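Reviewing the structure listed below.
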Amino acid sequence: MDHLTRRPRRNRKSEVIRNMVQENHVAVHDLIFPVFMMEGTNLAVEIASMPGIYRYSPDRLLEEIAQCVDLGIKTFAPFPQIDEGKKDRFASESKNPEGLYLRTIAEIKRNFPDVVLMTDVAMDPYSSDGHDGIVDNGEILNDATLEVLGQMALAQAQAGADIIGPSDMMDGRVAHIRQVLDSHAFTNVSIMSYTAKYASGFYGPFRDALGSAPKHGDKKTYQMNPANSREALIEAELDIAEGADFLMVKPALAYLDVIKLLKDNTNLPVAAYNISGEYAMVKAAAQNGWLDSEKIMLEVLLSMKRAGADVILTYFAKEFAQYMKK
Ligand code: PBG
């Protein structure tokens, strides 16, 4: 056997050394916690396909946020479950300041002025068609939808949103939202664009949580084809030119290469959305005793950091914060 001068194992010989040479870290302040809300009082309904994640009535959501704030979580991305009777073709309820979403956003900001809220801009939770844009004869109308998205973003900014998160994938929406916000003196409200959002099967549990699945057709004319990565650079180029403050890749786990692609080719912060189906897979396997949920959580979040994510939206946020406390 030849003499070995290079022995990479020396840098793995103890926990202290391993920690010293660790290249990537996940911190609680990197994380955004997506939370679900519903009408009512004193309600917390667990989402069947997302063990540990609940849909809360506004009063209980405030309690949940208080607990998370104590754990060091500072940023939340709320999503509303809207009663079927309030949905229509034009997502009118999304602009109602007294409606569930905007009223609750304002209340969270009143109770927790330092909490950062990222609000969701897309029509699907409020649309009787369950699509992110206006449907006309089976077609999703791009430019007419921009009007709705601009008004929705403005109403959210008026309710106190800190970051607007357009998740709809219409062309030109970042520029349009930026222009509407700026012309109403909301120049300080940020935009985190869902830059590369793929037409994915991993959204299933989220659509269960909100009851927002498309009533007909799929989202392939606006969300990206999972087979493409260079196309993500076109979307990124446009979002940057249109004034986005953050670029996001969604889903994250099956798209780590796309996160890396955006990180290597752009200079804006890159976010990864560790989505509902990714969470559900881990929890389902853990419930069967097939995987260790905590280990997988840490490994999954690290993989996103390694790929280049600065920010991670994840349903594991609270669990991760609890893990860091102990
Ligand atoms: C829709 C939206 C979706 C998610 C966030 N916003 C699903 C979809 O496009 O149908 C999914 C998030 C998740 O799965 O965790 N505007």
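The values are calculated or read from the model by the stated rules, or taken from the named source; none is laboratory data. It should be emphasised that the depicted structure is a prediction, and the values quoted were computed from it without experimental measurement. When we count neighbours, we look across all protein chains shown, and the Cβ atoms used for this are built from the backbone with ideal geometry, even at glycine.
Being farther than 19 Å from Leu149 by Cα, aromatic (Phe, Trp, Tyr) and under 17 Å from the mean Cα position of the chain (by Cα) is a description that applies to Tyr203.
Within region 41-68, residues that are touching a residue at least 24 places away in the same chain (Cβ under 8 Å) have Cβ atoms under 7 Å from residues that are polar (S, T, N, Q) in these pairs: Met50/Ser276; Pro51/Gln287; Arg55/Gln81; Pro58/Thr104; Leu61/Thr104; Leu62/Asn111, counting only partners at least 6 apart in sequence or on another chain. Of the strands (runs of 3 or more DSSP E) lying entirely inside region 1-98, those containing at least 2 residues that are within 16 Å of the ligand (Cβ to nearest atom) span 31-37, 54-56, 75-80. crowded, with 19+ Cβ neighbours inside 10 Å, over 17 Å from Gly165 (Cβ atoms) and under 21 Å from the mean Cα position of the chain (by Cα): is that true of Leu100 in this structure? Taking the combined requirement at face value, the residue satisfies it.
Residues that are over 17 Å from the mean Cα position of the chain (by Cα) and of a type in the set (Lys, Arg) within region 304-324 comprise just one, Arg306. Look at Leu149 and say whether it is closer than 24 Å to Lys215 by Cβ, more than 13 Å from the ligand (Cβ to nearest atom) and either of a type in the set (Gly, Ala, Ser) or at pLDDT 95 or above (or both). Judged against the criteria, Leu149 is not a match. Among what's in region 175-202 and is surrounded by 16 or more Cβ atoms within 10 Å (Cβ to Cβ) and part of a loop (DSSP other than H, G, I, E, B), pick the residue that is farthest from the ligand (Cβ to nearest atom). Among those residues, the one meeting the criterion is Phe186. A Cβ distance below 6 Å, combined with a sequence gap of six or more or placement on separate chains, defines the contacts here; from region 269-283, residues that are among the basic types (Lys, Arg) reach residues that are surrounded by fewer than 24 Cβ atoms within 10 Å (Cβ to Cβ) in the pairs Lys283/Pro51. Put simply, of Val249, Val270, Val311 the only residue that is under 29 Å from Val180 (Cβ atoms), in contact with a Gly (Cβ under 7 Å, 6 or more places away or on another chain) and surrounded by 15 or more Cβ atoms within 10 Å (Cβ to Cβ) is Val270.
Check region 164-174 and report whether any residue there is surrounded by fewer than 23 Cβ atoms within 10 Å (Cβ to Cβ) and farther than 24 Å from Thr314 by Cα. Yes. In region 107-126, the residues that are in a loop (DSSP other than H, G, I, E, B) form Cβ pairs under 6 Å with partners that are charged (D, E, K, R) and crowded, with 24+ Cβ neighbours inside 10 Å, at six or more places apart or across chains, as follows: Ala122/Asp132; Ala122/Asp168; Met123/Asp132.
From the list Leu256, Leu261, Leu301, which one is over 18 Å from the mean Cα position of the chain (by Cα), touching a residue at least 12 places away in the same chain (Cβ under 8 Å), more than 10 Å from the ligand (Cβ to nearest atom) and assigned to a helix (DSSP H, G or I)? After ruling out the rest, the residue left standing is Leu261.
Beta carbons closer than 9 Å, at least 6 apart along the sequence or on distinct chains, pair a first residue in region 203-224 that is at pLDDT 95 or above and outside any loop (DSSP other than H, G, I, E, B) with a second that is of a type in the set (Asp, Glu) and more than 9 Å from the ligand (Cβ to nearest atom) for Met224/Glu231; Met224/Glu235.
Taken over region 35-46, the criterion of being β-branched (Val, Ile, Thr) and over 17 Å from the mean Cα position of the chain (by Cα) is satisfied by Thr41, Val45.
Would you check which residues across region 184-200 are within 23 Å of Leu141 (Cα to Cα) and not aromatic (Phe, Trp, Tyr) and list them? Passing the criteria: Ile191, Met192, Ser193, Thr195, Ala196, Lys197, Ala199, Ser200.
From the list Asp124, Asp129, which residue is within 24 Å of Leu253 (Cα to Cα), within 13 Å of the ligand (Cβ to nearest atom) and among the acidic types (Asp, Glu)? Going through Asp124, Asp129 in turn, just one is within 24 Å of Leu253 (Cα to Cα), within 13 Å of the ligand (Cβ to nearest atom) and among the acidic types (Asp, Glu): Asp124.
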